[in-house]
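The values are calculated or read from the model by the stated rules, or taken from the named source; none is laboratory data. Quantities reported herein were computed from a predicted structural model and do not represent experimental measurements. Don't worry about glycine lacking a Cβ; one is built from the backbone with ideal geometry, like all the others, and counts go over all protein chains shown.
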Amino acid sequence: MVDATPRMHEGISPAEVPELELYHPKGWWTTYVFSQDAKIIAIQYAGTAMAIGLVALVLSWLMRLQLGFPGTFDFITPDAYYQFITMHGMIMVIYLLTALFLGGFGNYLIPLMVGARDMVFPYVNMLSYWIYLLAVIVLVASFFAPGGPTGAGWTLYPPQAILSGTPGGQDWGIILMLASLILFIIGFTMGGLNYVVTVIQGRTRGMTLMRMPLTVWGIFTATVMALLAFPALFVACVMMLFDRLLGTSFFMPALVEMGEQLSYGGGSPILFQHLFWFFGHPEVYIVALPAFGIVSDLISTHARKNIFGYRMMVWAIVVIGALSFIVWAHHMYVSGMHPWFGFFFATTTLIIAIPTAIKVYNWVLTLWRGDIHLTIPMLFALAFIVTFVNGGLTGLFLGNVVVDVPLSDTMFVVAHFHMVMGVAPILVIFGAIYHWYPKITGRMLDEWMGQFHFWVTFVGAYAIFFPMHYVGLVGVPRRYVEIGESAFIPPSVQDLNAFITVAALIVGFAQMVFLFNLFWSLRYGREAGGNPWRATSLEWQTPTTPPPHGNWGDERPVVYRWAYDYSVPGAPQDFIPQNDPWPQKAVAGTA
Amino acid sequence: MSVILVFILVVAGFSFWWLLQHRVLSKPWLEHGVHAALPETDISNMPTAKIGLGIFLAVIGALFALFASAYFMRMEYSDWQAPPLPRILWINTGVLILASIALHCAVRAVRERRMGMTRLALVTGGFATLVFLTGQLTAWRDLSAGGHFLDSNPANGFFYLITGAHGLHILGGLVALGRTTAKTWDETLPTERLRLSVELCAAYWHFLLLIWLGLFVLLAGWAGDLVALCRQLLT
């Protein structure tokens, strides 16, 4: 054991770090609706994200119906199809995944896991949610606006995004989309400041950075990245809004549309792509890093083993975060660039595989000879590892310029990114909900519904996306409403598409079982107690479950160890909570 | 995209330095129990609001670095025609520097608990900032009077967009400054709270002045010369 001597700060001893002044709500409205409690805000964020995610799920059904059975459904016009794919992508990436991981899990877990009473700026935190809700409402409004929502593809590439040929391009669709994104970014920045500063300043005594659970590390790093990356999307949105509304030509070159010369001239569409992907690539890791962190904690807890290579895991998270800012142009290989740039971006892209592979090895090594409990959260965590490796490997293909050029804009790319940043993070979200639901509600989610949900989702997701790789390899392009007859596309592709559609419908219905479980268990679930998984991290050690406003009762916990003391030889139990001074006794006044 | 990359590099460098300060090289699995009596903490005793503002300024910095990046990328095209620099921008720059100096004086005064002086300095700073904003609007009017409209070419668009974004940030700061100034009349407020507010305002003003100086160099077209000079020095 190393004696880490306590360090005293100039003038102020650690015990005298001032307590946060909590806002005490007076009525029902300020307790449950306009709440400044991070836990309530977390549930609001998660509820809103799941509600809008459900819309995106239905949109994916509709688009699959068109692809699987083209021509059968009259109401799916080409315009409607483009609107479905656009809104599905945008909602899933931004309004569901980003909001749920950072706004949902970030708000709930950061204060509890670092031993804080709340976020450091609770009022700003509350505003963050309400602006997010406004962004969602503006987004939903575009479905009801004249012309419908935008159908520009989730990347919103100009010039087509604001031309009359694209659904919503000359109507309200694109305007509401851009306005909604701008609002989302403003709201997120408010929340993000909270998450970062709470990790920096809100940690309780003894909770050094290197004793934080990896969940907090993942969310913390992702938030820092998001704070730096979202401004790129902000700039792109503002400039495109100017182009659309005020007639500027930031992104719009001189164009002839329907034989008519438009008033635009001199803009650069490539500039938009740079700005978009400068946000877009870090966004992949903004979604992935919290998933990495959460899955590390799930695996360690449910395999009753300390996480293998904790330090390496932390460094890998930070290094992935930093590297993700210099790979953005690998999304633009086919947009035309100097070959040396392609070489540079292919190299940086492949380098990211190193820290990522370290993480995968460490998860596997954590499982190695662990006391694996195949609980629902563990099943989801294992499914994540497999899925992430799958999606990651095709990423190595696509990172190479020569392989990417023929595969670009095919269904192969669609299969790749759905595996790596669609299915994989969603599996973690499910695992995390099954894991923390007992803390949030005091009751366990139903086991049998959980088993059903897991197996249908896991097997079903593979039934959807494995064949899609093949469909892409034979050359089926993405974003085509109908393939028609092509010499190079065999008829078997149509059969596969029908199969994928059926699988997608089934997987979608399995999510309804999950949603039902969430409500059913609230009332009828088994009583969970304070620490049903016998976990070490602080959120499981709260005096009451679910934790009340302020979390910790009279005194905040004192942390004596890292978050992964499972199966320590000689310890009375197979886990030692972070606030347990074992083998010493707690000294009066500190515990 | 070079401007934003340099900015990210600076932020990353600072972050890595901060992480090293917080012992990311330590081995947490080996340390437990021993220092149970007084577990250490590595929380900084700097006020939380200041750290929050610091991170917010980093976000604003990223925003303007991205505007500058976009400006540079577009500038490389052969048809780039920057509008003439309105003369009044020189005066505006001077006025904004004056506002920053005034707020600096306010910080010194509030530290010495001289309330009258603090109030005067805050009001002067706010007034100078209003003059700056009026000056920026005049610059817009001069440009459009000379036929350089927002939509006549991308260079003009960038001019209005970037100065507008900066102006909006200043406007937001003015709200905070107004509230801080109002606080100086509140006798019951502890001086520490007021001091913190004044210091936060001053930091925001200094940062936005710095950004403005960068934007001024950019819009005046000297940035291109500067880059060319750097390239020559490097090669």
Region B:40-76 - residue that is at the interface with another protein chain (Cβ under 7 Å from one of its Cβ atoms) and of a type in the set (Phe, Trp, Tyr) and, of those, nearest to B:His166 (Cα to Cα): B:Phe67
query: more than 30 Å from the chain's Cα centre (by Cα), surrounded by 24 or more Cβ atoms within 10 Å (Cβ to Cβ), within 11 Å of chain B (Cβ to nearest Cβ) and not charged (D, E, K, R) - does that describe any residue in region A:199-206?
result: no
message: Against the definition (surrounded by fewer than 20 Cβ atoms within 10 Å (Cβ to Cβ) and touching a residue at least 24 places away in the same chain (Cβ under 8 Å)), how does A:Leu396 come out, yes or no?
response: yes
statement: Among A:Val140, A:Val124, the single one that is surrounded by fewer than 24 Cβ atoms within 10 Å (Cβ to Cβ) and within 23 Å of A:Ile426 (Cβ to Cβ) is A:Val140
task: Scan A:Trp340, A:Trp277 and give me the residue that is at pLDDT 95 or above, part of a helix (DSSP H, G or I) and either farther than 20 Å from B:Leu19 by Cα or of a type in the set (Gly, Ala, Ser) (or both).
output: A:Trp277
statement: Going through (1) buried (at least 19 other Cβ atoms within 10 Å of the Cβ); (2) in a helix (DSSP H, G or I) one by one, A:Met312 fails only at (1)
- request: Answer with yes or no whether A:Val334 is without any contact (Cβ under 8 Å) to a residue 40 or more places away in the chain, outside the structural domain of A:Glu539 (by TED's automatic domain parsing), under 30 Å from A:Arg244 (Cα atoms) and surrounded by fewer than 22 Cβ atoms within 10 Å (Cβ to Cβ).
  value: no
message: Quick check on this structure: which one of B:Leu174, B:Leu209, B:Leu168, B:Leu200 is in a helix (DSSP H, G or I), modelled with pLDDT of 95 or more, loosely packed, with under 15 Cβ neighbours inside 10 Å and within 19 Å of the chain's Cα centre (by Cα)?
response: B:Leu168
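Let's see how each residue does on (1) farther than 23 Å from A:Phe279 by Cα; (2) out of contact with any Gly (no Cβ under 7 Å at 6 or more places or on another chain); (3) modelled with pLDDT under 95; (4) of a type outside the set (Lys, Arg):
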{"position": "A:Val136", "(1), (2), (3), (4)": "no, yes, no, yes"}
{"position": "A:Leu139", "(1), (2), (3), (4)": "no, yes, no, yes"}
{"position": "A:Ser142", "(1), (2), (3), (4)": "yes, no, no, yes"}
{"position": "A:Asp171", "(1), (2), (3), (4)": "yes, no, yes, yes"}
{"position": "A:Ile174", "(1), (2), (3), (4)": "no, no, no, yes"}
{"position": "A:Leu181", "(1), (2), (3), (4)": "no, yes, no, yes"}
{"position": "A:Thr189", "(1), (2), (3), (4)": "no, yes, no, yes"}
task: Return the only residue of A:Ile376, A:Ile320 being within 30 Å of A:Asp565 (Cβ to Cβ), within 18 Å of the chain's Cα centre (by Cα) and modelled with pLDDT of 95 or more.
output: A:Ile320
query: Which members of region A:57-79 meet the condition of being outside any loop (DSSP other than H, G, I, E, B) and either in contact (Cβ under 8 Å) with a residue 60 or more places away in the chain or more than 18 Å from A:Pro167 (Cα to Cα) (or both)?
result: A:Leu57, A:Val58, A:Ser60, A:Trp61, A:Arg64, A:Leu65, A:Gln66, A:Leu67, A:Gly68, A:Pro78, A:Asp79
- prompt: Can we say A:Ile137 is under 17 Å from A:Asp37 (Cα atoms), part of a helix (DSSP H, G or I) and in the same structural domain as A:Met212 (by TED's automatic domain parsing)?
  reply: no
message: Against the definition (part of a loop (DSSP other than H, G, I, E, B) and within 14 Å of chain B (Cβ to nearest Cβ)), how does A:Gly321 come out, yes or no?
response: no
- request: Scan region B:201-235 for residues that are among the aliphatic types (A, V, I, L, M) and under 14 Å from B:Thr118 (Cβ atoms) and jot them down.
  value: B:Ala202
message: in a loop (DSSP other than H, G, I, E, B), more than 10 Å from chain A (Cβ to nearest Cβ) and either more than 24 Å from the chain's Cα centre (by Cα) or of a type outside the set (Phe, Trp, Tyr) (or both): which single residue out of B:Ala99, B:Ala82 fits that description?
response: B:Ala82
- prompt: Taking only pairs six or more apart or across chains, which ones have beta-carbon atoms under 9 Å, a first residue in region A:542-562 that is over 18 Å from A:Asp580 (Cβ atoms), and a second residue that is among the aromatic types (Phe, Trp, Tyr)?
  reply: A:His549/A:Tyr23
task: Looking only at region A:340-359, decide whether some residue is surrounded by fewer than 19 Cβ atoms within 10 Å (Cβ to Cβ), within 30 Å of A:Ser268 (Cβ to Cβ) and in contact with a Pro (Cβ under 9 Å, 6 or more places away or on another chain).
output: no
- prompt: Is region A:436-451 home to any residue that is under 17 Å from A:Pro290 (Cα atoms), at pLDDT 95 or above, of a type outside the set (D, E, K, R) and not assigned by TED's automatic domain parsing to the domain that holds A:Leu57?
  reply: yes
task: Considering every residue within region A:509-520, establish whether at least one is out of contact with any His (no Cβ under 8 Å at 6 or more places or on another chain), in a helix (DSSP H, G or I), at pLDDT 95 or above and under 21 Å from A:Gly206 (Cα atoms).
output: no
